[in-house]
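Report on the structure given below.
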Amino acid sequence: MSDSELDTPDAGDRPLNRRGFLGAAALAAGSLVAAAGGGAASVYLAVPALKGGGEAAGWTLVREIAATAGDGPGRATIDVVSQSGWSKTTTRQAVFIERRPDGTVAAYSARCPHQGCLVDWRSEVKEFFCVCHSSTWTRDGSLALGPAKRGLDPLEARLTASGDVEVKYAMFALDTAERVEVG
């Protein structure tokens, strides 16, 4: 090696020119944007899972129960909120609510387990009736006459401290003898 080769600065000793500076700045800015985007995405995905619903999760307050002629269950419409990640969907569902003499409350889905038609309460004969295919159920939701293959779908219900009714709505598979929850 000659003395001139030893005195030549290598690439690491060269002063940074404008092109090198801009390249390094672009690389640093890109890395910063990628890190910030990854952090934001992590928070976006994790927050719904970490939120938790607490004790009230899934319970819907029944705001108004339709009066029935004579005694028997009354129909109510509730807003059921379901959340999948950040997506929140509200659907209206019909339910039957009955306050029993012992102070408890019973609730049934007003959706026929045969094909999903709306079920009515016929107070004159004290039975539930589906107008679509003429299935009938007793007051306790048991199947009396098909083509439905099972009783009405019972729902969890409770009374609040102030005496209001709350329902935990669930959706069940149609046209099956077994009650299979689907949502």
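Of the numbered criteria (1) modelled with pLDDT of 95 or more; (2) farther than 22 Å from GLU181 by Cβ, the one THR104 fails is (1).
On the basis of being in the same structural domain as ALA94 (by TED's automatic domain parsing) and farther than 22 Å from VAL62 by Cβ, does LEU155 make the cut? Can you show your working first?
Working: in the same structural domain as ALA94 (by TED's automatic domain parsing): yes; farther than 22 Å from VAL62 by Cβ: no.
No.
What residue, among those in the range 8-27 that are assigned to a helix (DSSP H, G or I) and surrounded by fewer than 10 Cβ atoms within 10 Å (Cβ to Cβ), is modelled with the lowest pLDDT? Please lay out each step first, then the result.
Quick first cut of the range 8-27, residues assigned to a helix (DSSP H, G or I) only: 11-13, 18-27.
Subset that is surrounded by fewer than 10 Cβ atoms within 10 Å (Cβ to Cβ): 11-13, 18-19.
Values: ALA11: 54, GLY12: 58, ASP13: 61, ARG18: 78, ARG19: 79.
Among residues in the range 8-27 that are assigned to a helix (DSSP H, G or I) and surrounded by fewer than 10 Cβ atoms within 10 Å (Cβ to Cβ), the one modelled with the lowest pLDDT is ALA11.
Restricting the range 86-139 to residues that are touching a Phe, Trp or Tyr at 6+ places or on another chain (Cβ under 9 Å) and of a type in the set (Asp, Glu) leaves a set whose member that is nearest to THR60 (Cα to Cα) is GLU98.
Which of the residues belonging to the range 71-125 are among the hydrophobic types (A, V, I, L, M, F, W, C), part of a loop (DSSP other than H, G, I, E, B) and surrounded by 14 or more Cβ atoms within 10 Å (Cβ to Cβ)? Residues satisfying the conditions are ALA110, CYS112, CYS117.
Cβ separations smaller than 6 Å between residues 6+ apart or across chains give the following pairs from the range 111-124 residues that are free of Cβ contacts under 8 Å to residues at least 40 places away in the same chain and β-branched (Val, Ile, Thr) to residues that are crowded, with 21+ Cβ neighbours inside 10 Å and assigned to a strand (DSSP E or B): VAL119/PHE128; VAL119/CYS130.
Which of the strands (runs of 3 or more DSSP E) contained wholly in the range 135-183 include at least 3 residues that are on the phi > 0 side of the Ramachandran plot, touching a residue at least 24 places away in the same chain (Cβ under 8 Å) and out of contact with any helix residue (DSSP H, G or I) (no Cβ under 7 Å at 6 or more places or on another chain)? Can you show your working first?
Numbers: elements: 143-145, 154-159, 165-168.
Qualifying strands (runs of 3 or more DSSP E): none found.
Looking only at the range 100-126, which residues are hydroxyl-bearing (Ser, Thr, Tyr) and within 16 Å of ALA170 (Cα to Cα)?
Here is the first cut: in the range 100-126, the ones hydroxyl-bearing (Ser, Thr, Tyr) are 104, 108-109, 123.
Residues satisfying the conditions are TYR108, SER109.
The values are calculated or read from the model by the stated rules, or taken from the named source; none is laboratory data. All values derive from a computational prediction rather than experimental measurement. As a convention, Cβ positions derive from the backbone with ideal geometry for all residues, glycine included, and neighbour counts pool all protein chains shown.
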